[in-house]
Each structure stands twice: as C-alpha cells, then as structure tokens.
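Below is one structure, written out as structure tokens; comments come after it.
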Amino acid sequence: MLGYLQEAVGRPVELIDFEDYSDLLEAFRNDQIDLAYLGPLPYALLAKSDHDVEPLACFREADGLSSYTCSLVVMGGRQLDLAHAQGLHIGLTQPFSTCGYLAVSQMLASSGRRLDDPGIRFSYAGSHTEAALGVVRGEYDLAGIKTSIAERYRHLDLRILTVSPPFPGFGVYANRRQLSADEIERLREALLRLEPVTSEAGWEQMKGWGHSLRNGAEAPSNCDYQGVLDAVESLPVWLEATP
Amino acid sequence: MRGMRFSLVVSGLVILLALLLLANYGREVQTRQYFIESSQEAAIASRLSSYQRMLEVLYDNLFDRKEVTAALALAQQADAQGQARLRGRLYREFYSTFSQLQSNDFRELQFVLADGRSFLRFNRPDLYADPISLQRPLLKRVLQGEVHNGVLENGRVYPGFRFAFPLRHQGVVVGAVDFCLSFKAIKQALNTVEDHAGSDIQFLVRKDLYQAVSHPSSHALFRESEISPDFIVEQEAVDRDGRPDSVAWLYERLLEDTQLPQVLSEGRRLNRVFCRGLGDCYASILRPVRDSLDRTSAYILTSIPMRDVEYLRRSHLSAFIVGTLLILLAAVAVRRWLDSNRRLRTISDHMAEGMYVMDEMGKIIYVNPMACEILRYDEDVLIGAEAHTLFHTHSERQPPLSQFCPIRLRALSGEIYRSTDEHFRRSDGVTIRVSVVSSPFWSDDTLTGSVVLFRDITAEYEDKARLQRSDVAFSSLAEAVMVTGPNGEIQAVNRAFTQITGYSETEVIGQTPRLLKSGRHDQAFYEQLWQSISRDGGWEGEVWNRRKSGEVYPEHLRIAAVSRPDGVITGYVATFSDITEKLRQEQVLRKLAYHDPLTGLHNRAAFLEMFDHALGHAERCRRRLALLYLDLDRFKKINDTLGHVIGDRVLETSARRLRDAVRSDDEVARLGGDEFIIMLEDFAHEDSPARVARKVISLLSQPVVIEHHTLHVTTSIGIAIYPDDGFDVTQLLKNADSAMYMAKREGRNGFQYFTQAMAKREEDRFSLEIDLHNALLDEDFLLHYQPKVDLRTGRVTGLEALLRWQHPQRGLLNPSEFLAVAHEGGVMRDITHWVITESCRQLQEWLDAGLEPGRIAINIDSHTFNSADAYDQIGRTVEVSGISPNRVELEIPESGLLEKSFDDEFWKLLVDMGFELSIDDFGIGESSLLRLKHLPVTTLKIDKSFIRDIESDEGDRAIIRTVVAMGQSLGVRVLAEGVEQASQLAFLCQIGCDEAQGYLFSKPRPAEQIAPLLREHAFRKTLDNVRS
C-alpha cells in the first residue's frame, strides 16, 4: 500500500506506528504526520479540535459495506433486563474504540441506561476478542464489540443483545497543512480508483494489503461521519485526554 | 635433489604426525558430541515423561469425568445451538485449567468429538468443527481407544509434542482431549543438561508439512529459518532482541557447509564444530525429530559452546610441537651422517677421470659414474667383475695376458703404476687408449686391493697426429701466415710469408710484426685495428707493409684472435696476400671511370663524389662552398655548322682555359656536352665566386682559332652557394642550373647568383608546364575569333583565330601568359597542331552553315616555321582537315622573319599550296623593303601601337600613311590592328587603308557568337556612321 500511495503522491511515504491513539492525534495536530489511518471515533475527536483534517476515503468491510455496527453481547442462556439490571460488569475494548465507550453509551441509552450509572461498572479487555471471550468465561456480564466479532463467537453461545447505529469504516485522513490540495486529490483518486470486487487489476493491487484495507474504499461523501461527530459531543471530556 | 628428497621425507613424517593427532582430536571431539547428543535425548525423554505423568493426573482428575464425557456425548447429537451451549460451558469450565497448562508450557488444549472434528480449541476458540483427526494420525488412533503421548505433530495452529487421551462415556469413546507441549518446554529441558549453559536451541519445522495442516492465519507466527528456506521457526522474543553474535556466526558457517542441504532433505543428523578463535569453539548439532508418521518433520538445532575443545586443542598442539621437534632433531643427525658419506661419493662421482677399486683378487668393488660412462658398462655389470678379463687389453689388437696384469699386481706390491699406453675395450667392442694410474688401497693398515684412475686419451692421441699433418699444410699455403703469441711475439710463419716479405722463419721468430711496418699508417689506424680485434675477435683490411728489401707494398690482411673457451686470448693468426698488382689495375679502372677522356677533367661521377666529400667537410668546418655552373652559349651551332671535330677542339680549349682560371685546389669538371662545373672551397671573400665567374667569362671570350676558323665562344654562368642555396648536391646543382638559365635569359655571356625569387619563378614555370600538358589532355584550350573588315565594303574578309586557355584555377588565360613556357616545355608543337585543326574544323562548320567567314587567320610562331618539319606541321594538318589552303591565312610575326631566310623554299611552297601569308605586328621589327619584295606576303598588319596614338601623334600618322602607300605600290593589302575609336577608323578610311581589325568592330569572341555577326553584316553600319 505504501508503494502505491508513494507513486500517487510522487514522494516517499513512511509508516509510523503509534502505541495508542492519543499519541497519534497529538502528532497529527503537531504536523508530525501528513496522513492518518483512523477509526471513526478518533477521527471525530481529531476533527473536533483540528479543522485541517480532511477525510480521503473510508475502507469497506469484508462484507462490502463502508460502515459497521457494534453490539452488546451476553451469554446465550442468560436472561437480562438491561433497563433494570443492577451490578452489571461490562467489558469494553479500548478507550478510543468506537465500539467502546461511544457505541456502548449509545446502546445503553436506548434502554435508558448510562455507563456511569451506579449499577454499572466497566473494564477494558484490550480487544474485541478478549471482550467477547470474557463474556463466555463469565468475567463480564456484557461486552461491547463489533458485530462481526460477536458473530464469530456465536458458536460459544454468545448472543447479541442490541446493535448500534452504523459507523463509517476506518479511513485515511489528510493533514491539509502538510499536503497540497493537488496531492490530497491525487491520493484520494488513487484510493478510490481501486475496485477489488469488480476489477481484476484492483484485486491484484490490493490483495497484499491488510484485512481491513483490501476490500476497497468509498468516497467521504458515502461515509456517514455526521452520526459519529454528533455522538462525540456527548462523550465525557476525559476520554479525549486519557488514553 | 637429494636434499629435497630428504626434506620431503621429514615433511612427510611431520605431516603424518599431524594427521594422527588430528584424527585423534576428531575422535575426541566426536565423543564429546555423542555425549551431548545422548544427554539431549535423555533430557527430552525425561521431560516428556514427566509431562506425561502430569497430564495423566490431570486426565484422571479433571477430564475423565462423567460431566465432561456426557457433555461430549451430548454434543455429538446436539444441534448447533445445543453444541454452542455445551462448548461455552466447557470453555468456561476448563479455561482456568488451560491457563494453568499455559503456565506449564502447554500451548494447546482441545476437545475432539468421536467423529474426529475439533469441538473446542482453547487457544483459538474461533476455529472449530474442522475434521482434525484426518490430519492428525495420533488423534485418529486415540479415538480408536489407544493412548499416545509425546509425539511430534503439526496442528491447526502450532506444531508440538502432542499428548492425547480418549474420553469414554459408558464405555464408548465419545471424544478425546488433546494437549500440545510447546517447544519452549523442550528447550528448558535441554538447557538443564550439563555443559549446555549458554547454548542456543532452535526448533526447525518442515514448512510444507506444517502448512498442509495449519490454518493460514497461523502462518504469521512463524518465520523462515536462517539455514534453509524449507524450514520455519517460531517467532520469538529473541528474534526481536537479537541472538548472540556467536549464533549468527554459527548459522553462517552451517550455511557454508555443502552437505547441509542433503542432510536436511534426507532427514539425517549433522554434527559440526566451529572455532572463531583459539578459545572460542562451538558445536552445532542438528538432530532430526520424527513425527507420528515417522517422518522427519522437524530438527532441533543446538549450538553449544565447547569449552573443553580448547583444552583438547592445546594438548594436541603441544603433542604436535614436541613430536615435530623430535623428528627434526633425528633428521638433523641422519642428515649429517648422510652428508659425510655423500661428500665422499660426490667427489668420486664428479671426477673427470674414471675410477674403480679392486679387491686383492682383482674383482671390482667400487666404480664411479665416469668409469661407467667411459667403458659404457652399467655399474651392476662392473661390480664383482674382474677388470683384467672384462675390459683390459695391452694394446689395440693384442688380447690381455691372463696371468700378468701390471695395473693390479704393481699396486698389490705397494707401488704406483702409471701408463699412457694401456687399452681398455668398451662394452660396444671399441678399444680405447687410456692413461692409467693404479695405487695400493689400504684399509686399517692392510693392503686390501688397488685404486685405479684412468682417462680416455684416444682423441688426444689422434689430435697430436692431426697436428703433425697440419704442420705440413701450414707450410704449403699460398697465403702468408704469421702466428703470434698473446703479446705479439712471432711464433710461426709459413713459406709464403718468406716469399712475400723476404724474411726467413729464423729471422722473424721471437720478433714482433712491427718488423714489417711501412710507416704509412698513423697511430690511430693501429689503435682502431686492435680495438676491432678485441671487440670482434678479428680484423680484415688493406695495409701497407715493408719488405726486407725496404720496398713498401700493399697487402690484404686478416687477423684472427685465438681464444680459449673461457675467452682468454692465447695468440693471433695473421694471413695476408700481396695486392700490389690488384691495386694497380684498380687505379687504371678508376681513372677511366672518373675522368672525361676528351678534356681530361673529372667527369660527372667523379665530381659528384668529390662534391659530396667537400660538402661533408664544409659542414664539419662550417665553411661555405660555391658552385659555378657553366654552359657555352650557342655551342650547338658550332657543332651543327662546323662539325663535331671542331666542337671537340672548342671544348678542349675551353676546359684548359677553365683550369687556368681557378686555383689548383679548385675543382673543375665536365658534366657533359658543353656543361662545366667549378667548385670553389675555402673562398676568402664574399665576392670570390663572382670574381672567378668574371675571370672565366673573360678567358673564354678570347677568340679560339681552329683550322683557320676564328671562333668567339661565350658562356653563361649560374652560381649557387652552400649552405645559403641548398644543403645537398641535388639542390645546389639544380639551383646553379636555374641561375645559369637566368643568365642566358638575361642576354648570355654573363653570370647570375641564384635567388629564391628565381627558384619561385622556376617552380611556377614548372607548374605551368605540367598544367599545359594536362590542358592538352583535358581539352582546356579554346579559340576566340576576331573579324577583319574590308574598309570599302564593310564585309568580313576573314577571322583571326586567337588561342585561349581555360585554366582550371587561374581562369581564362591569354597566350602571352603561357606561350613562353609552352615553347620551353616542348608543348608548342602540339598546341600549334591543335590550333590549326580546331580553326579548320570551325571554318568548315561555318561554311556548312551557309555562312561566309572569309579566310581563317592562324598565327604561326618562328619556332614552328623554323623547325625542320614546319611544312608537315602546317600544310599536312590543313590538308587532313579538308579545308582548302586558299581559305587559310598564316600570320607570321615580323620579328620571326629574321630567323628564316626570305628566299627560303619553305615560303614558296606554302604560297604554292594556296596559303596566304601576312606579316603580323608590322612596323616594330626590322623588315627591309628588299625583304618584303622577295617574300610572297599578301597582307601587312600594322601594329596597334601606331593606331593607338593616331590622333595625337603625327609621326604615327605619317608611318601609317607610308605603309599604306607602300602596300599599294607593292600590291600588298594593308590591315590596321587595334582599331577602337571611330576617329581612328575615319583616318584609316581617309588614307585608303584596305582592312581594319579591332574592338570598334568586335572584340575576339567565341565561335558561337561569330555566326550572328556574319549574318547581320553589322559592320557596314559602323563604316557608314564614320563616313557620314
């Protein structure tokens, strides 16, 4: 992928790995990076404080959709009244995960509950899989994970309790202070040009990319950022400051 | 050679010792490797056994329970949701057990249903329901009720040592529980082995077997092995942190092992020891691990520091050094003993004389190589044989006496026997003469035999005889021979010497060759002679010597140095013959070759030789040299008119006068014909050559009276000076010749110095001459025509053909620019021929075109009509062209008429043929009226110089009037040349001039422009204008 982008933009592209999202967002704001690969929540948080971030494209999921949903999962045999249950222990993935605090808050809200209710506590499992298996192992009563992960562990008697509204897929975002309009346009055009499903050449080009990158991308106009941007407004302030 | 062989033997012993020690060292190292391997094997077996015991306990207490087996039995029958519930329950129930197993280095715990499908993998719960027993033979057997433990197998995620136990419910196998021990556990076991501290252990898994079973998502857990792309190793923390340098270095050494690929493909083991330095050795042990199908599906690669190898090395190295020292000491002792023996043998082996030793019975007990070589027997034939009977004869023909052999018996009696008259017979039957010395052979004061030294003197003996014969030949040689010693003392002379020099042998023996010295050669001559002898070994040449009678004579002498093979001169041989008569004959021939027999002067060859010599001298002494090149003026005329006898007398007289005109040292030579040359050397004044030239001119111009003829001979002289005018004979002669021609052109009877301008002119003339020849070949000549107009009618009476040359570089040239050169270059004859032919052809063309051009006027120069075949050149050429001579007018220059008599038959012949004659350029020559009267001319052409000033010069007008009047009175037509002005024409018409020619009518034009003029009768109008 790096080589492809390099050819498109006409200058070298270097990959930098960040341990956590907060460092990545900080580097973006300080113009230490020109492009960022982010989930919808980190993007929304970044866009809130930095107006020079510009979405280039959002990547499709394996099912071909450019959005995904999150689910609250519970063990299959467990009868749970979400609106009234007390002493619930909820497994979350990571602080900046969209299916974490953001999506779980939204899903609890549909049952009239909040994550900071006195009868609810939550822990970060570290990943979607660990959060899901934590429920099977009995460590959590509930877990907020991507719906596709919930489906993967359905054979362990995991049940989906509720599903969130769709969020745009992971995307690439440009730093307008660092890249010219022409460069941004060329990168966007390059990402959108590839169609791995309908084009053999597109598949050849992308088959070596990562699982979440190789399904093609959609133009920002087809990625529903507004929902997540609105939802971010309701997040507690510490989320942004704390990794 | 022997020394080398001895060194080779010693080296061989040292190498043998080294090999023995090396082999022993290898065995020791191998023993240690076997020990390590055995330890490893025991450690692995022990560790697997202890894990098995642990798992058996777990199995009995946790897994082989009714709740578990019932759940599996139910799962076998349940739908997907039911299976999910059972699976979730088992996961929750056994997750803590799995965690404990992980902490004990197990990485997998799996439940498998009786149908062979995986039911639940604790390490990858997302992978399930795959028919794993199809790819895991161990599981297949376990599901059949057996127990198999500690066997290597690949799985969907990891390869590892597998332990599986059947789970029975109500006596029926409903599934199995499967454990996988990580390689880490085996590594830990190996690390506990003694001497394994600091070792590095890697499990190499066969990539193809692993990938045939594993899930693709697991592949990222492995990377390619360093030592083979066919094997993979698990990604470990150590990969990120980096292995010790020594391990990377060992992998590189293993990769260099050419056997490695074959070992890996055949599943064999490999043991190697590598050392980075004296104290830094490692064993690399590649141990195959077989899987449940008895395939080598993995390798354990152990890299262990071998600390005791260093000790082994040191001990073996010490043994090697001590052993080598002992061998060398022994070698030195043996070498000394051999050397002493060899020295003695070497002396006898290299003796130039044959040697054999006999015991007291006369049998040979030792013989040296020279004896074998002389006698041509092999050593083994001679050893043990009796010399007396085998090869000793007393003379060439006489057989040996059987009882008495002086060689043996005299020595046995204690005496030394010497003889030069003994004969030995060689193995090939040839008898040779030998000189023999036989001495007694003493051993511990006891006479035990004799030592015989002998030498083949056959050739020496024959040489002496040959020398005697040579003496006779020497004396009878026709050439004188004188043999001297190295210091020149005469040792021998032959009879011819005495005949030539008059000295007898007794008079000269002991004297030196200086006795014969004539005194004609200086010291330098002899020094050069001796230098040649010492450098080349001889000298040959002619010398003057003196006979005993005092007469000096020339001889041809050859001296050869006689040298020994080492180069030292032992004497000289001089051979010589008297060449007095030969030299006399050569002198006669030389005189004939170098002198002009008529004048007695040197001829051209002699002059050139002397001049060359003089040039060299002048160059060396930086002096000048003058050449005076003489040619007698008009000498040809004397020869032609008075004959060669008178001519030769003139030449003799001239030569004598020339000789008188110069100093005795100056050279005068006759180059040939009437050409002479004078060479002045060492002239003191700048004008000396000019003075000599004047003197020569003055002397030669004196009248010569021969047989009542008083002749006036003059000469023209060209002078060239070395080095101003040239550096070699050719250049100087050429330049002097050019100057001489210039003097002739300047009016003869004078001299000219050569100048560079002269050279340039000559060069230009020469170049033009070449161009003229080419012009004829390339047809570069052309004719222009100028009309002659009748002043009464305006009609064209004729056309004068005027030669032009279209020069490729210089453009169109008039005759004045090249005719002189054409004459001198001998081209004029051909040019005249071309002009006549071309003008006749053109005339015919006009006539054929119906035009009336009148007569064609052709200019004929005096050379042409003075030549012997003038008639052929002119008359025949016109005849051949087909034009009637009546149509041709020949214009003859007035100056040229002086050279051919007016009453010459030639003119009459031309007129009789029909040619008309006109006198060109009339008025500027010396024609007398008398001559005009006799010459059959038809036209006088008044020179244009009179016409030019016709208006201003009354004198010219008077002359023109006179000529016109004279023409009328003689009945000859008068034509005015160069008419350019109407006023000139008016005057000419007024005085009754017949014809005119000039630019007023037409300039000379190419032939194609003439035809229109002829058609238009254009000139009548010109006349009318003038008259009006």
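Tallying residues that are loosely packed, with under 14 Cβ neighbours inside 10 Å and under 16 Å from residue B:330 (Cα atoms) within region B:12-27 yields 3. The criterion of at least 2 residues that are within 60 Å of the chain's Cα centre (by Cα) and within 20 Å of residue B:796 (Cα to Cα) is met by none of the strands (runs of 3 or more DSSP E) wholly inside region B:910-1028. Taking the conditions (1) under 27 Å from residue B:50 (Cβ atoms); (2) within 14 Å of chain A (Cβ to nearest Cβ); (3) charged (D, E, K, R); (4) crowded, with 22+ Cβ neighbours inside 10 Å in turn, residue B:136 satisfies each one other than (2). If the condition is being of a type in the set (S, T, N, Q) and at the interface with chain A (Cβ under 10 Å from one of its Cβ atoms), then region B:69-98 contributes B:81, B:83, B:96.
Restricting attention to region B:99-112, the residues that are crowded, with 18+ Cβ neighbours inside 10 Å and within 13 Å of chain A (Cβ to nearest Cβ) add up to 1. For region B:287-315, a residue qualifies if it is free of Cβ contacts under 8 Å to residues at least 40 places away in the same chain and not in a helix (DSSP H, G or I), and the qualifying residues are B:288, B:294.
When residue A:192 is tested against (1) under 19 Å from residue A:12 (Cα atoms); (2) surrounded by 15 or more Cβ atoms within 10 Å (Cβ to Cβ), only condition (1) is not met. Taking the criterion of being in contact with an Asp or Glu (Cβ under 6 Å, 6 or more places away or on another chain) and either facing chain A (nearest Cβ under 10 Å) or not in a loop (DSSP other than H, G, I, E, B) (or both), would at least one residue in region B:116-123 satisfy it? Scanning region B:116-123, I find at least one residue that is in contact with an Asp or Glu (Cβ under 6 Å, 6 or more places away or on another chain) and either facing chain A (nearest Cβ under 10 Å) or not in a loop (DSSP other than H, G, I, E, B) (or both), so the answer is yes. Look at region B:140-167: where a residue is within 14 Å of residue B:186 (Cβ to Cβ) and a partner is among the β-branched types (Val, Ile, Thr) and assigned to a loop (DSSP other than H, G, I, E, B), sitting 6+ places away or on another chain with Cβ atoms under 9 Å, you get B:163/B:147.
Count of region B:666-713 residues, restricted to those that are in a strand (DSSP E or B), acidic (Asp, Glu) and at pLDDT 90 or above, is 2. Among the residues making up region B:742-762, those that are outside any loop (DSSP other than H, G, I, E, B) and among the basic types (Lys, Arg) are B:744, B:745, B:760, B:761.
The residues in region B:457-513 that are assigned to a loop (DSSP other than H, G, I, E, B) and among the basic types (Lys, Arg) can be counted, and the count is 0. Scanning region B:988-1028 for residues that are closer than 13 Å to residue B:950 by Cβ and buried (at least 20 other Cβ atoms within 10 Å of the Cβ) yields B:988, B:993, B:996, B:998.
The residues of region A:150-192 that are within 14 Å of chain B (Cβ to nearest Cβ), among the acidic types (Asp, Glu) and touching a residue at least 40 places away in the same chain (Cβ under 8 Å) amount to a single one, A:157. May I ask you to verify whether residue B:600 is among the small types (Gly, Ala, Ser) and on the phi > 0 side of the Ramachandran plot? Yes. Only one entry of A:71, A:66, A:22, A:49 meets the criterion of being more than 14 Å from chain B (Cβ to nearest Cβ) and touching a Pro at 6+ places or on another chain (Cβ under 6 Å), and that entry is A:22.
Assess whether residue A:64 counts as being in a loop (DSSP other than H, G, I, E, B) and either out of contact with any helix residue (DSSP H, G or I) (no Cβ under 9 Å at 6 or more places or on another chain) or of a type in the set (S, T, N, Q) (or both). Against the criterion (in a loop (DSSP other than H, G, I, E, B) and either out of contact with any helix residue (DSSP H, G or I) (no Cβ under 9 Å at 6 or more places or on another chain) or of a type in the set (S, T, N, Q) (or both)), residue A:64 qualifies.
Please specify each residue of region B:488-513 satisfying the condition of being polar (S, T, N, Q), surrounded by fewer than 16 Cβ atoms within 10 Å (Cβ to Cβ) and in contact (Cβ under 8 Å) with a residue 12 or more places away in the chain. B:491, B:499, B:511, B:512 - these are the residues of region B:488-513 that are polar (S, T, N, Q), surrounded by fewer than 16 Cβ atoms within 10 Å (Cβ to Cβ) and in contact (Cβ under 8 Å) with a residue 12 or more places away in the chain. When region A:130-149 is filtered for residues that are over 12 Å from residue A:74 (Cα atoms) and either in contact with an Asp or Glu (Cβ under 8 Å, 6 or more places away or on another chain) or more than 13 Å from chain B (Cβ to nearest Cβ) (or both), the ones remaining, listed by number, are A:146, A:147, A:148.
Does residue B:857 satisfy being closer than 26 Å to residue B:821 by Cα and modelled with pLDDT of 85 or more? Yes; evaluated as a whole, the condition is true for this residue. In region A:109-126, the residues that are on the phi > 0 side of the Ramachandran plot reach residues that are assigned to a loop (DSSP other than H, G, I, E, B) with C-beta atoms within less than 9 angstrom, at least six apart or across chains, in these pairs: A:112/A:82; A:112/A:83; A:126/A:93; A:126/A:94. Scanning region B:818-849 for residues that are among the aliphatic types (A, V, I, L, M), under 56 Å from the mean Cα position of the chain (by Cα) and crowded, with 17+ Cβ neighbours inside 10 Å yields B:819, B:821, B:822, B:827, B:828, B:831.
When each of B:524, B:574, B:560, B:618 is tested for being small (Gly, Ala, Ser) and under 30 Å from residue B:657 (Cβ atoms), the lone residue that passes is B:618.
Taken as a whole, the condition of being in a loop (DSSP other than H, G, I, E, B), within 14 Å of chain A (Cβ to nearest Cβ), surrounded by fewer than 19 Cβ atoms within 10 Å (Cβ to Cβ) and over 60 Å from the mean Cα position of the chain (by Cα) applies to residue B:130. Condition (residue is closer than 30 Å to residue B:83 by Cα, within 14 Å of chain B (Cβ to nearest Cβ) and part of a helix (DSSP H, G or I)) applied to region A:200-215: is it met by at least one residue? No, that holds for no residue.
The values are calculated or read from the model by the stated rules, or taken from the named source; none is laboratory data. Quick caveat, the model's predicted, so the values are computed rather than measured. Here the Cβ is made from the backbone with ideal geometry for all residues, glycine too, and neighbour counts use every protein chain on show.
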